[in-house]
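> The structure follows.
The values are calculated or read from the model by the stated rules, or taken from the named source; none is laboratory data. Please read all numbers here as calculations on a predicted model, not as lab measurements. Glycine also receives a Cβ, built like all others from the backbone with ideal geometry; neighbour counts cover every protein chain displayed. Note: areas computed on protein heavy atoms with side chains; ligands, DNA, RNA excluded. Shrake-Rupley method; radii C 1.70, N 1.55, O 1.52, S 1.80 Å.
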Amino acid sequence: MFALAFADVQTDYDKKADFSQYKSYSWVKVQTSNPLWESRIKDAVDSELQAKGWRKVDEGGDVALAAVGSATNEKEYTTFYSGIGPWRWRGFGSETTTTVSTYKVGTLVLDMYDARDHRLIWRGTASDTLSDKPEKNEKKLEKTVSKMLDKFPPKREKE
């Protein structure tokens, strides 16, 4: 479902949040169109956060995590012109052919909330074309989450 190897990854965060105060997290929601991906998303995020020293707790963590994954069908139109040359300016050629390709795009949004005041402190988004092979998508999901959390936690800006 989520083939995000060369994903467009974006992150943003609350510049006033002090991420050094957060040591634990809990999942509050993971929503996908395919329930098999809920545990895969959790596992990928858990692996990255725990490698950074955060501790997962069943409930009551310093940070509440929510993730939403989706897949949509997109269309790409490609038009080919034959006979293009300086002698065929008026119609761009004598024949045109347009083909339509349909492909799936997966999107993952990961939100982190301060559990005390419920304010959004960090958001990561990623989207890319999906593979037809679930095992490829799973490996790509792991790489994408790794890229998403590469510079996490952000350093607090000095005032």
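> Between beta-carbons, use under 12 Å as the cut-off and find the net charge around Leu49, counting Lys and Arg +1, Asp and Glu -1. Show your work: numbers first, answer last.
On the way: positive: Lys23, Lys42, Lys52, Arg55, Lys56; negative: Asp43, Asp46, Glu48, Asp62.
Taking every other residue near Leu49 into account, the sum is +1.
> With every protein chain present, what accessible area does Leu65 have (1.4 Å probe, heavy atoms only), rounded to the nearest 10 Å²?
Only protein atoms counted, so the area is about 0 Å².
> Sticking with this structure for a sec: For segment 10-85, which GluC sites (Glu not before Pro) are in a loop by DSSP, counting at most 11 other Cβ atoms within 10 Å? Let's see the in-between values first.
On the way: sites: Glu38, Glu48, Glu59, Glu74, Glu76; in loops: Glu59.
Filter output for segment 10-85: Glu59.
> In a shell of Cβ-Cβ distance under 13 Å around Ser127, excluding Ser127 itself, what net charge do Lys and Arg (+1) and Asp and Glu (-1) give?
Values: positive: Lys104, Lys140, Lys147; negative: Asp8, Glu74, Asp128.
Surrounding charge for Ser127 is 0.
> To continue, here is another question. If you rank Tyr113, Tyr22 by how much accessible surface each has, with a 1.4 Å probe, what is the order from largest down?
On the way: Tyr113 70, Tyr22 5 Å².
Sorted by accessible area, descending: Tyr113, Tyr22.
> List the trypsin sites (Lys or Arg not before Pro) in segment 2-76 that DSSP assigns to loop (not H, G, I, E or B) and whose Cβ has at most 15 other Cβ atoms within 10 Å. Which are they? Before the final figure, lay out each step's value.
Values: sites: Lys15, Lys16, Lys23, Lys29, Arg40, Lys42, Lys52, Arg55, Lys56, Lys75; in loops: Lys15, Lys16, Lys23, Lys52.
Here the sparse-neighbourhood loop sites are Lys15, Lys16, Lys23, Lys52.
> Add +1 for every Lys or Arg and -1 for every Asp or Glu among the other residues with Cβ under 13 Å from the Cβ of Asp58, and state the total. Please report the intermediate quantities before stating the final value.
Working: positive: Lys42, Arg55, Lys56; negative: Asp46, Glu59.
Local charge sum for Asp58: +1.
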